[in-house]
1. Which cross-chain or sequence-distant (5 or more) residues have an amide H under 5 Å from the amide H of I54, H modelled 1.01 Å from N in plane?
2. Take the Cα pairs of the range 3-89, get the Kirkwood Rh, then feed it into Stokes-Einstein at 10 °C and 1.306 mPa s and tell me D in µm²/s.
3. Collect residues whose amide H, placed 1.01 Å from N in the peptide plane, falls under 5 Å from the amide H of T33; neighbours closer than 5 in sequence don't count.
4. Under a point spin-label approximation (7 Å from Cα along Cα-to-Cβ), what is the Q17-K43 distance to one decimal in nm?
5. Relative contact order of the range 3-89, please, whole-number percent, based on alpha carbon pairs below 8 angstrom and at least 6 residues apart.
6. Report the number of Lys pairs in the range 3-89 whose alpha-carbons are under 18 Å apart, with separation of 8 or more residues or on distinct chains.
7. What nm distance separates the two modelled labels at E53 and I69, each placed 7 Å from Cα along Cα→Cβ?
8. Roughly what % antiparallel, to the nearest 5, for the DSSP beta bridges in the range 3-89?
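Quick note: the coordinates plus some simple rules give every number you see, no bench work behind them. Here the structure is a predicted model, which means the values were calculated and not measured. So basically every Cβ, Gly included, is an ideal-geometry build from the backbone, and we count neighbours across all protein chains shown.
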Amino acid sequence: MVQRKGAKVVAISVDSQAKAKEFAELLGLSFPTYSDVGGATIKKWGIYDTEHEIAVPSTFIVNGNGKIIWSYIGKKASDRPDPELIEKGQD
């Protein structure tokens, strides 16, 4: 659904690239995972969980100019947006 509209799905983790790749393989993810060791990106986006030193579960749509045009910030690890909500965020 997301790819149909020209968007790309990626994951960003504070883990090392090797650990992020291992996790992606374990889950069978078909999209790229990127490493943000130190959390520079997640801190800039305001989603850094200082207590656990990880990102708050979040979903962003970023346009071609690098501007966040839609976001969903979860309350806990299992709090993810419904795919239909993500689809609407691309319109």
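1. The answer is D49.
2. On the way: Rh = 13.9 Å.
Answer from the Stokes-Einstein relation: 114 µm²/s.
3. Placed amide hydrogens put A11 under 5 Å from T33.
4. That separation, rounded to one decimal, is 2.1 nm.
5. Numbers: 105 pairs, mean separation 16.7, N = 87.
Relative contact order, the range 3-89: 19 percent.
6. 10
7. For E53 paired with I69, the spin-label model returns 3.7 nm.
8. Of those bridges, close to 70 percent are antiparallel.
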